[in-house]
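Rule-based calculations on the coordinates, nothing more; no lab input. The model shown is predicted, which means the values in this text are computed figures rather than measured ones. As a convention, Cβ positions derive from the backbone with ideal geometry for all residues, glycine included, and neighbour counts pool all protein chains shown.
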Amino acid sequence: MGRRVKCQITKEYGDSDTFIKIGRYYFRDQDTYDKEEKRKALRKELTYFICSEFLDYKPGQRFPALLSKKLKELDFYNDEVIFEAFRQKQSDIKFWMNNKQFDGDYGRLSYIFAIISNSIGDIYRTAQRTKRQEKLIEQEVHTDDLEIAGTSVKAKNLADWLN
């Protein structure tokens, strides 16, 4: 039995023999680590997208700290939904960034996130509906496979099935 360790992502405790160690940190399993790395990469891409597309920041220029705070306010939604909201509202945001005067980045970011906050609920519901439809289609395909395999034939008792 190993020593007691804590997962860096889920914050749950476990045994060092069952958890995996990557670098100097422990994680519950490889899948948890991979999901977190994917989430971090998507958040970095989202931050770069916002700064380069709407705030006209150049590569290497530090992004405003307010951006992290505003993204944190949208934590209920996963990063894919947030990114999709920015893609769908990109033309609206660019229009207002070019046609409205702002005092600074604070005003720009507040306006951008006001636009996103007003539409992200609809985008989230659309994503959930799509996910449910995909799950239903997958279940239908799975049941069709079972019927093709012959599991739809029902025997009345075990003796009939053995014959």
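Some notes on this structure:
- Arg4-Glu37 FRET efficiency (beta carbon distance; Förster radius 35 Å; 0.05 resolution): 0.90
- The trypsin sites (Lys or Arg not before Pro) of region 50-137 that meet both conditions, a loop assignment by DSSP and at most 10 other Cβ atoms within 10 Å of the site Cβ, are Arg62, Lys100.
- Dividing the convex hull volume of the alpha-carbon atoms in region 1-114 by its residue count gives 116 Å³ per residue.
- For Gln101 and Thr47, the FRET efficiency from 1/(1 + (r/R0)^6), where r spans their Cβ atoms and R0 equals 35 Å, is about 0.90.
- For Thr130, the shell of other residues with beta-carbons less than 12 Å away shows a net charge of +2, using +1 for Lys and Arg and -1 for Asp and Glu.
- Nearest-0.05 FRET efficiency for Ala65 and Ala127, computed from C-beta distance (R0 22 Å): 0.15
- Axial C-alpha extent at least 20 Å, average Kyte-Doolittle at least 1.0 - helices from the chain (DSSP): none
- The stretch between Glu12 and Glu140 holds 42.5 nm of extra length on full extension. This uses 0.36 nm per residue minus the Cα-Cα distance.
- Gyration tensor (alpha-carbon) shape descriptor, region 45-97, a/c threshold 1.5: oblate
- Gain in span if fully extended, Lys94 to Arg24, counting 0.36 nm per residue against the direct Cα distance: 20.9 nm
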